[in-house]
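I have placed the structure first, in the form of structure tokens, so that the comments after it can refer back to it.
The values are calculated or read from the model by the stated rules, or taken from the named source; none is laboratory data. What you are looking at is a predicted structure, and each value in this text was computed from that prediction instead of being measured. No Cβ is skipped: glycine too gets one built from the backbone with ideal geometry, and neighbour counts run over all protein chains shown.
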Amino acid sequence: MKKYTNTGNKDTRSGFGAGLTELGKNNENVVALCADLTGSLKMDDFKKNHPERFFQIGIAEANMIGIAAGMTIGGKIPFTGTFANFSTGRVYDQIRQSVAYSGKNVKICASHAGVTLGEDGATHQILEDIGLMKMLPGMTVINTCDYNQTKAATLAIAEFEGPVYLRFGRPKVANFTPEDGKFEIGKAVNLTEGTDVTIIATGHLVWEALQAAEQLNEKGISAEVINIHTIKPLDEDAILASVKKTGCVVTAEEHNFLGGLGESVSRTLVENFPAPQEFVATKDTFGESGTPEQLMEKYGLNAEAIVTASEKVLKRK
């Protein structure tokens, strides 16, 4: 099976910062807005080099979304930045009314998603944001897996016309996708070929899925790993082609199993090709304080959990 090399752990939020820096140099219509978290969102370089295009809104996320929506009327491409919890749950009404309903070209960029926010605890760890955002008509939802892919996605969404939710994280994780990889919105990436079980992963769970595939291979189980970086629009063709070959699927995400990637895959299968499915995700719970590693293990969001789910789903074929 194909193996991937970790070129060094890097945080995905820094991938966003690097992408924003590049956009600042190459696209004068790109503006950045932040809700008092410039350092945490790695927007410092953009602020330093383009102060006339950077707007510090303060702890007023609803106002930030409204300002961003207004800026699009003048042809600007606003990138808003704050934690995922505040990017969605705190301002859902403003996103729904001023961005999604109006079809405004706002890029809602959200860091510190999921339990890997760590020690800040449940009040800051949002595990339902993908569900919230994918239910909004016309909203594109992207959840990247590493530094390189986050940078590429940041560049890609600037060229895309329409509202986008870009989700990434705080901790340093494996950086394994190509540095010059092209990011195609709505196009899944088949990472490894397999014949026994399909593993569909997103975000931080993609690297864990690759580690799980290696462990399964040692047990004589051939796993196909697919990176779904775009949850909406979903690459249904890639999913169906794989599951028709393997006959079963495991979905893996750092999100509640209610409303996330797993449910989108389930709907696709029910409508086209019913097959056994197991979910690696949080099970209708809030998070808690702890290190990212501790929380990923407690909530079953790692390679070991994916291996267990794969072995379970194989028995249901």
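Is it the case that region 187-205 has a residue that's closer than 27 Å to A241 by Cβ, part of a loop (DSSP other than H, G, I, E, B) and in contact with a Leu (Cβ under 6 Å, 6 or more places away or on another chain)?
We begin by selecting, within region 187-205, every residue closer than 27 Å to A241 by Cβ; these are 187-205.
The next check asks that each one be part of a loop (DSSP other than H, G, I, E, B); those that pass are 187-188, 193-196, 202-204.
The next check asks that each one be in contact with a Leu (Cβ under 6 Å, 6 or more places away or on another chain); those that pass are 202.
Within region 187-205, one or more residues are closer than 27 Å to A241 by Cβ, part of a loop (DSSP other than H, G, I, E, B) and in contact with a Leu (Cβ under 6 Å, 6 or more places away or on another chain).
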Is there a residue being assigned to a strand (DSSP E or B) and free of Cβ contacts under 8 Å to residues at least 40 places away in the same chain anywhere in region 226-241?
yes
Residue ID - nearest to E22 (Cα to Cα), chosen from residues in region 55-69 that are in contact with a strand residue (DSSP E or B) (Cβ under 9 Å, 6 or more places away or on another chain) and part of a helix (DSSP H, G or I)
A68
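Taking the condition outside any loop (DSSP other than H, G, I, E, B), more than 24 Å from A122 (Cα to Cα) and not hydroxyl-bearing (S, T, Y), does K312 pass?
Judged against the criteria, K312 is a match.
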I'm checking my understanding of the structure. Among residues of region 82-100 that are of a type in the set (A, V, I, L, M) and touching a residue at least 40 places away in the same chain (Cβ under 8 Å), which one is farthest from A32 (Cα to Cα)?
A100
Residue pairs qualifying under the 9 Å Cβ cut-off, at least six apart or on distinct chains, with the first in region 20-32 being in the same structural domain as K42 (by TED's automatic domain parsing) and closer than 13 Å to F79 by Cα and the second being among the polar types (S, T, N, Q) and assigned to a strand (DSSP E or B), are A32/T80
How many of the residues in region 284-306 are crowded, with 21+ Cβ neighbours inside 10 Å and among the hydroxyl-bearing types (S, T, Y)?
1
Whether any residue in region 108-127 is in contact with a Lys or Arg (Cβ under 6 Å, 6 or more places away or on another chain), surrounded by 23 or more Cβ atoms within 10 Å (Cβ to Cβ) and within 19 Å of I185 (Cβ to Cβ) is what I want to check.
yes
Quick one: count up the residues across region 278-309 that are in a helix (DSSP H, G or I) and of a type outside the set (V, I, T).
11
Is region 25-43 home to any residue that is assigned to a helix (DSSP H, G or I), under 22 Å from the mean Cα position of the chain (by Cα) and more than 17 Å from I108 (Cβ to Cβ)?
no
If you go through region 106-143, how many residues are of a type in the set (A, V, I, L, M, F, W, C) and touching a strand residue (DSSP E or B) at 6+ places or on another chain (Cβ under 7 Å)?
12
